[in-house]
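Each remark here refers to the structure printed beneath this line.
The values are calculated or read from the model by the stated rules, or taken from the named source; none is laboratory data. Computed from a predicted structure; not experimentally measured. Here the Cβ is made from the backbone with ideal geometry for all residues, glycine too, and neighbour counts use every protein chain on show.
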């Protein structure tokens, strides 16, 4: 019974980042969302619903977004519903030919004849030039993109032939292969080695898995009957964080993904292929964000309505829901307010000098101004209902730091006992893996069993503690492990197996035993002693060392969530997690973005990285890390 209940909670947690629920079945223009079912039905809008919307200056964007978001997004829906709908800008005769109908994933998502991608004919077959794909303009660049449906098993060869003939170097994928147990796209690449699709040979060169997307590099070669062509490199960027329902919770991941796409696509390459399942909803969303950011730079304004209206002349139904439409505005506002804060490690020292230069001109953002933008982020108190229930209030150490419902750690419910699934703890994404960390408060005397229950149920092998039991004569954490021998908390027994003092932290080997079957697990406890009672550590080496030790332990134990806590589970906890993610990226890419890293953490748990001193410490530890390894080549 416990196991089944726990599995259902795991499922619930995995659905948490969608913004809508399963009741959102239809969208205003009558199209069933591509996520919902295979058959897509189009109902034209009434022309009388049309309305004109004008470009928005970027300095008005925040206010316009606020107005449109009011009343549950009423004005967004009105604006979206005023877009031209239906197939009013051309014919779809080729798509409707009998030999081509089976090539369409959805029978009513079809390319116009005037903008469809035309393949070379094979063996004189006039229908062999058809693929469900359309040229789409960028902000100023004609045919910058090809919007395509996700390949079907019987269209994969055509898909790769299109990539070859159009000299495509970059493919953007915005769907998972299956969503809600429905096929959304056929896997058109090999997991390893090589495979041939028609006349195109595709070999895997490399792949990198990150928290929001995966990068795959393929060596692609056309094998003609007379001679093989020179191989080409094709990079696929697969965005994996789009939820089955609705849109991403935050646009941060999409903006990072878009920047990577721009960086990867080589100059003078052919169009960028963008596809989801039908090639209209998420595909259109990505294309519009890209174009409007370009417009923002060029004209200091955006024209979402005008641009969507224009590209719908090239492929009907681009942008499939009002939520996708409002997500575009959300992404543009995010970009306008916070810009590009990414740094190359080689420029870190100069950037730190600017941040600490108090005499700098007012248009330069200093450290405190940069941190102030983070503190101005809205805390979503309406998303803290569980932690604020009367039965759970006593389980919170600090009443201002409550986990959000969408990513709180859910325990199995004890039979016949309500509210026993709550603990003040939040799942936090790592650099490469979702839910890589659990940020939690230091256990209270009456929540220790819940703490160990969490460690057991979520298969944690590493605990990082960043506070002493008492600081400044105040209790910060209940001692939840034995000083020697063993101690039992409810169904869980914790036994001390070893205690080693390193330079700045203690390493304890604990054996956790559960239940009458006496199941056991080794848990390593990393207790950092280098954090003073007031302020921040004097230097960064101790933090670098403990992060490295925890990562080595994770590699040995299977990368289950790392439990990280201080007292309230926000300040020092957030700093440790931020640094873990930042240093991992520095090692992998030679890049860092302290601001967006901390911003992302604060969207997952309130007050993460609590003070400007802790924020500054993140920068300084990275600089220490770079100095220790002297150059990027040594720590990549």
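Summed over region 534-550, residues that are under 30 Å from residue 400 (Cα atoms) and in contact (Cβ under 8 Å) with a residue 40 or more places away in the chain total 10.
Please find, within region 182-202, the residue that is nearest to residue 129 (Cα to Cα) out of those that are part of a strand (DSSP E or B) and within 27 Å of the chain's Cα centre (by Cα). Break it down stepwise before answering.
Pass one, region 182-202, residues part of a strand (DSSP E or B): 182-183, 194-197, 200-202.
From the residues that got through so far, the ones that are within 27 Å of the chain's Cα centre (by Cα) too are 182-183.
Details: 182: 28, 183: 25 Å.
My answer is 183.
Hey, any hits in region 467-477 for a residue that's assigned by TED's automatic domain parsing to the domain that holds residue 578, in contact with a helix residue (DSSP H, G or I) (Cβ under 8 Å, 6 or more places away or on another chain) and over 28 Å from residue 543 (Cβ atoms)?
Residues of region 467-477 assigned by TED's automatic domain parsing to the domain that holds residue 578: 467-477.
Checking the rest, the ones that are also in contact with a helix residue (DSSP H, G or I) (Cβ under 8 Å, 6 or more places away or on another chain) come to 467.
Still in the running and over 28 Å from residue 543 (Cβ atoms): none.
No, region 467-477 has no match at all.
Scanning region 195-213 for residues that are loosely packed, with under 15 Cβ neighbours inside 10 Å and either within 19 Å of residue 151 (Cβ to Cβ) or not assigned by TED's automatic domain parsing to the domain that holds residue 265 (or both) gives a single hit, 196.
Looking at 536, 546, which one is buried (at least 19 other Cβ atoms within 10 Å of the Cβ) and assigned to a helix (DSSP H, G or I)? Before the answer, list the steps.
Details: 536 fails: assigned to a helix (DSSP H, G or I).
Unique residue meeting the criteria: 546.
With respect to the conditions (1) surrounded by 15 or more Cβ atoms within 10 Å (Cβ to Cβ); (2) in a loop (DSSP other than H, G, I, E, B); (3) touching a residue at least 24 places away in the same chain (Cβ under 8 Å), residue 446 lacks only one, and its number is (1). One residue stands out in region 227-242 among those that are buried (at least 18 other Cβ atoms within 10 Å of the Cβ) and farther than 16 Å from residue 207 by Cα: the one that is nearest to the chain's Cα centre (by Cα), namely 241. The condition (being surrounded by 18 or more Cβ atoms within 10 Å (Cβ to Cβ) and free of Cβ contacts under 8 Å to residues at least 60 places away in the same chain) is satisfied by just one residue among 427, 514: 514.
Taking region 72-108 as the region of interest, how many residues are over 16 Å from residue 327 (Cα atoms) and assigned to a helix (DSSP H, G or I)? Within region 72-108, residues that are over 16 Å from residue 327 (Cα atoms) and assigned to a helix (DSSP H, G or I) number 4.
Every residue in region 89-115 that is surrounded by fewer than 14 Cβ atoms within 10 Å (Cβ to Cβ) and either in contact (Cβ under 8 Å) with a residue 60 or more places away in the chain or within 19 Å of residue 146 (Cα to Cα) (or both), please. Explain how you work it out, then say what you get.
Of all residues in region 89-115, those surrounded by fewer than 14 Cβ atoms within 10 Å (Cβ to Cβ) come to 91, 93, 96-99, 101-102, 114.
Those that are surrounded by fewer than 14 Cβ atoms within 10 Å (Cβ to Cβ) and either in contact (Cβ under 8 Å) with a residue 60 or more places away in the chain or within 19 Å of residue 146 (Cα to Cα) (or both): 91, 114.
Could you tell me how many of the residues in region 152-166 are part of a loop (DSSP other than H, G, I, E, B) and in contact with a strand residue (DSSP E or B) (Cβ under 8 Å, 6 or more places away or on another chain)? Spell out how you get there, then give the answer.
At the first step, the residues of region 152-166 found to be part of a loop (DSSP other than H, G, I, E, B) are 152, 166.
Next cut, in contact with a strand residue (DSSP E or B) (Cβ under 8 Å, 6 or more places away or on another chain) only: 166.
Total meeting the criteria: 1.
Tell me yes or no: at least one residue of region 298-306 is modelled with pLDDT of 95 or more and more than 14 Å from residue 58 (Cβ to Cβ). Checked against the condition, which is being modelled with pLDDT of 95 or more and more than 14 Å from residue 58 (Cβ to Cβ), region 298-306 yields at least one hit.
Can you tell me which of 487, 523 is assigned by TED's automatic domain parsing to the domain that holds residue 554, more than 37 Å from the chain's Cα centre (by Cα) and either closer than 25 Å to residue 576 by Cα or free of Cβ contacts under 8 Å to residues at least 60 places away in the same chain (or both)? Full working, then the answer.
Working: 523 fails: more than 37 Å from the chain's Cα centre (by Cα).
After ruling out the rest, the residue left standing is 487.
Every residue, every condition in (1) more than 22 Å from the chain's Cα centre (by Cα); (2) assigned to a loop (DSSP other than H, G, I, E, B); (3) closer than 28 Å to residue 95 by Cα; (4) not assigned by TED's automatic domain parsing to the domain that holds residue 89, yes or no:
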position: 269; (1), (2), (3), (4): yes, yes, yes, no
position: 284; (1), (2), (3), (4): no, no, yes, no
position: 293; (1), (2), (3), (4): no, no, no, no
position: 317; (1), (2), (3), (4): yes, yes, yes, no
position: 320; (1), (2), (3), (4): no, yes, yes, no
position: 326; (1), (2), (3), (4): no, no, no, no
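Search region 474-487 for residues being in a strand (DSSP E or B) and out of contact with any strand residue (DSSP E or B) (no Cβ under 8 Å at 6 or more places or on another chain), and hand back the single one that is nearest to residue 524 (Cα to Cα). Give the derivation first.
So in region 474-487, the residues in a strand (DSSP E or B) come out as 474-475, 486-487.
Okay, now just the ones that are also out of contact with any strand residue (DSSP E or B) (no Cβ under 8 Å at 6 or more places or on another chain), so 474-475.
Working: 474: 26, 475: 23 Å.
Among those residues, the one meeting the criterion is 475.
Screening region 503-530 for residues that are in a loop (DSSP other than H, G, I, E, B) and touching a strand residue (DSSP E or B) at 6+ places or on another chain (Cβ under 9 Å) and picking the one that is nearest to residue 620 (Cα to Cα) gives 530. For residue 490, the stated conditions hold: it is touching a helix residue (DSSP H, G or I) at 6+ places or on another chain (Cβ under 8 Å) and loosely packed, with under 14 Cβ neighbours inside 10 Å. Would you be able to say whether some residue in region 401-413 is surrounded by fewer than 22 Cβ atoms within 10 Å (Cβ to Cβ) and on the phi > 0 side of the Ramachandran plot? No, every residue in region 401-413 fails to be surrounded by fewer than 22 Cβ atoms within 10 Å (Cβ to Cβ) and on the phi > 0 side of the Ramachandran plot. Given the structure, is residue 290 out of contact with any helix residue (DSSP H, G or I) (no Cβ under 9 Å at 6 or more places or on another chain) and modelled with pLDDT of 95 or more? Here the answer is no, as residue 290 does not meet what is asked. For region 169-181, does any single residue satisfy the condition of being over 24 Å from the mean Cα position of the chain (by Cα) and under 20 Å from residue 258 (Cα atoms)? Looking through region 169-181, none of the residues is over 24 Å from the mean Cα position of the chain (by Cα) and under 20 Å from residue 258 (Cα atoms).
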